[in-house]
Amino acid sequence: MKTIMETSELEKIDAEALRGDLNPLSAEERITLLGKNFAGRVAATTSFGLQASVMLHLMRSHAPDVPVVFVDTGYLFPETYRYADALEKQLGMEARVYMPRMTPARQEALHGRFWEQGAAGMDQYARINKIEPMSRALQELGADLWISGLRRSHSKTRASRGVVEQQSKTGKVYPILEWSDADVEEYMKKHGLPPHPLADEGYATMGDWHSTKPLEEGETAEGTRFNGEKYECGLHQDSGVQDFQI
């Protein structure tokens with residue numbers, strides 16, 4: 001089987017071979033190897049969510065030249081924007097911001113509030129505000145490999161994922177996939193990394209203000225997103241990032 005070290009810069013990434021190379025490595029080793037062997041064709045993402053500081057610190061420490069993409073829907077909590085600004089300054093980095101082509105005001109004027117229009121509306125919201133900007137980012141950066149901080153412990157929809165997956169024409173790598181919440185908290189404490197300010201207000205996950213609520217007694221994290229109807233916003237589903245004509 002071909003390994004990551006034998007993959008030509010011009011070849012399509014072999015997800016199975018890459019998975020075999022990365023599985024036995026630590027998160028730090030995975031990120032170092034990706035930054036070194038896929039320079040110019042790899043990008044990372046951040047949502048500046050509850051524990052985003054961990055992946056940002058890892059990227060900054062082990063692959064500082066890999067661009068970090070931040071998809072700003074225009075509907076994030078004010079605390080998220082302030083957290084992003086503070087975290088970038090602390091880490092000495094700057095994410096590349098990608099936004100929807102249609103502003104929130106224009107969307108609502110022409111189409112109403114998508115998130116109040118059932119499953120079809122939420123899918124359209126994700127396509128306009130998250131999937132298209134992310135697809136555009138990957139295209140503009142020339143990236144066919146995407147590093148994400150997704151973890152199995154986030155939700156049952158992520159429990160069976162592998163360290164490397166193929167989504168459309170993009171390879172996706174999850175360096176901290178196996179980390180538990182305790183692992184994340186320990187890393188944050190060790191490196192003096194701040195949590196999202198809303199973490200102390202009962203939020204178990206973080207997204208747009210209209211589709212995220214604090215965790216209630218007896219509820220799981222999945223129940224705090226999109227009225228409990230779904231957890232994934234679309235970016236991390238097989239039907240997610242596509243080859244848009246833009």
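Applying the criterion of being aliphatic (A, V, I, L, M) and at pLDDT below 85 to the residues of segment 205-230, the residue that is farthest from residue 78 (Cα to Cα) is 221. Here segment 116-139 is the region considered, the condition is being of a type in the set (A, V, I, L, M, F, W, C) and surrounded by 18 or more Cβ atoms within 10 Å (Cβ to Cβ), and the residue that is nearest to residue 52 (Cα to Cα) is 134. Which ones in segment 174-209 are of a type in the set (D, E, K, R), assigned to a helix (DSSP H, G or I) and under 18 Å from the mean Cα position of the chain (by Cα)? 181 - this is the single residue of segment 174-209 that is of a type in the set (D, E, K, R), assigned to a helix (DSSP H, G or I) and under 18 Å from the mean Cα position of the chain (by Cα). Exactly one residue out of 207, 192 is more than 25 Å from residue 38 (Cβ to Cβ) and loosely packed, with under 13 Cβ neighbours inside 10 Å, and it is 192. Are any of the residues in segment 78-91 hydrophobic (A, V, I, L, M, F, W, C), in contact with a Ser or Thr (Cβ under 8 Å, 6 or more places away or on another chain), at pLDDT 95 or above and part of a strand (DSSP E or B)? No; the residues of segment 78-91 include none that is hydrophobic (A, V, I, L, M, F, W, C), in contact with a Ser or Thr (Cβ under 8 Å, 6 or more places away or on another chain), at pLDDT 95 or above and part of a strand (DSSP E or B). For segment 140-161, the set of residues classified as small (Gly, Ala, Ser), surrounded by fewer than 16 Cβ atoms within 10 Å (Cβ to Cβ) and at pLDDT 85 or above consists of 142 only. Is there any pair with a first residue in segment 84-96 that is at negative phi and a second that is hydrophobic (A, V, I, L, M, F, W, C) whose Cβ atoms are under 6 Å apart and which are 6 or more apart or on different chains, and what are they? Sorted first by the residue in segment 84-96, then by its partner, the pairs are 84/48; 91/56; 95/68; 95/70; 96/69.
The values are calculated or read from the model by the stated rules, or taken from the named source; none is laboratory data. Computed from a prediction, not measured in an experiment: that's the story for all the values here. Cβ atoms come from the backbone with ideal geometry, glycine included; neighbour counts cover every protein chain shown.
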